[in-house]
1. If you check Gly22 against the conditions, is it free of Cβ contacts under 8 Å to residues at least 12 places away in the same chain and on the phi > 0 side of the Ramachandran plot?
2. Of all residues in the stretch 34-72, which are of a type outside the set (S, T, N, Q), in a helix (DSSP H, G or I) and touching a Phe, Trp or Tyr at 6+ places or on another chain (Cβ under 7 Å)?
3. So, in the stretch 1-33, how many residues would count as being in contact with a Ser or Thr (Cβ under 9 Å, 6 or more places away or on another chain), among the small types (Gly, Ala, Ser) and either buried (at least 18 other Cβ atoms within 10 Å of the Cβ) or closer than 16 Å to Glu101 by Cβ (or both)?
4. Do you know which of the residues in the stretch 86-118 that are basic (Lys, Arg) and modelled with pLDDT of 95 or more is nearest to Pro132 (Cα to Cα)?
5. Return the only residue of Ile106, Ile112, Ile144, Ile138 being within 19 Å of Ser69 (Cα to Cα) and under 17 Å from the mean Cα position of the chain (by Cα).
6. With the condition being without any contact (Cβ under 8 Å) to a residue 40 or more places away in the chain, I'd like the strands (runs of 3 or more DSSP E) fully within the stretch 99-217 carrying at least 1 qualifying residues.
Amino acid sequence: MITLTKENYLKAILSISLNKDGKVSTNEIAHEIGTSPASVSDMLKKLQDKKLIKYEKYKGVELSKSGKSKAINILRKHRLWETFLVNKLAFGWGEVHDVAEQLEHIKSVELINKLDIYLNYPKFDPHGEPIPTKDGKIPMTNTIPLNKLEAGTKGKVMGVTLDETSFLDYLTKLNISIGTEIEVLETISFDQSLSIKIEKQTQHISNDVARYLLIKT
């Protein structure tokens, strides 16, 4: 049995890898976990000793077959609990991450499978992220980050790849949520920020915000 900290690292590596091509860097993991790159390097060595990852210093990390299986299971539990908290207990989408972080470490397979049934087998969590099935399959989404859209393109917000409370609260202030329709009016060449239209209102958002919004055109 692996520790909760190791489980969190496996989940972080999987979450990052689902939104990019290639190996995951130490800095990316440090940002996701909220720790230093040095601490990440130490943990990666421990995970490699348990054959849960494949890691080469300065070249990045990827999950081994067993590591990916464990990571998918943790991610499945996390996203099912987030869905339960929002849909059944009326939590806001910015309130559920930390609570789900605690609940995801419950070991009962039967509980999670019954939770899945109770929620009617949801495919996506409140942030639009795919929920792995009990067989380990992850639903695919045909989306692209908002900052990759050209001016004049319209699309609908299908998910976010950052579920920090401060970020989600900021989106709420901008009237952006799952299902919001957005039109890109202009990309500012100086800093790659975007001028967008939401419900006939023009707004300006940074590239850092736009890259975390997944859009279906």
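The values are calculated or read from the model by the stated rules, or taken from the named source; none is laboratory data. Computed from a predicted structure; not experimentally measured. As a convention, Cβ positions derive from the backbone with ideal geometry for all residues, glycine included, and neighbour counts pool all protein chains shown.
1. Details: free of Cβ contacts under 8 Å to residues at least 12 places away in the same chain: no; on the phi > 0 side of the Ramachandran plot: yes.
Spelling it out, it is not the case that Gly22 is free of Cβ contacts under 8 Å to residues at least 12 places away in the same chain and on the phi > 0 side of the Ramachandran plot.
2. Residues of the stretch 34-72 that are of a type outside the set (S, T, N, Q), as a first pass: 34, 37-38, 40, 42-47, 49-63, 65, 67-68, 70-72.
Those left that are additionally in a helix (DSSP H, G or I): 37-38, 40, 42-47, 49, 65, 67-68, 70-72.
Those that are of a type outside the set (S, T, N, Q), in a helix (DSSP H, G or I) and touching a Phe, Trp or Tyr at 6+ places or on another chain (Cβ under 7 Å): Met43, Leu44, Leu47.
3. Qualifying residue count for the region: 1.
4. Residue satisfying both the conditions and the ranking: Lys114.
5. Ile138
6. Correct list: 181-187, 194-198, 201-205.
Here's the yes/no breakdown for (1) aliphatic (A, V, I, L, M); (2) at pLDDT below 90; (3) buried (at least 16 other Cβ atoms within 10 Å of the Cβ):
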site	(1), (2), (3)
Pro126	no, no, yes
Thr133	no, no, no
Asn142	no, yes, no
Asn147	no, no, yes
Val160	yes, no, yes
Leu194	yes, no, yes
Gln203	no, no, no
Leu214	yes, no, yes
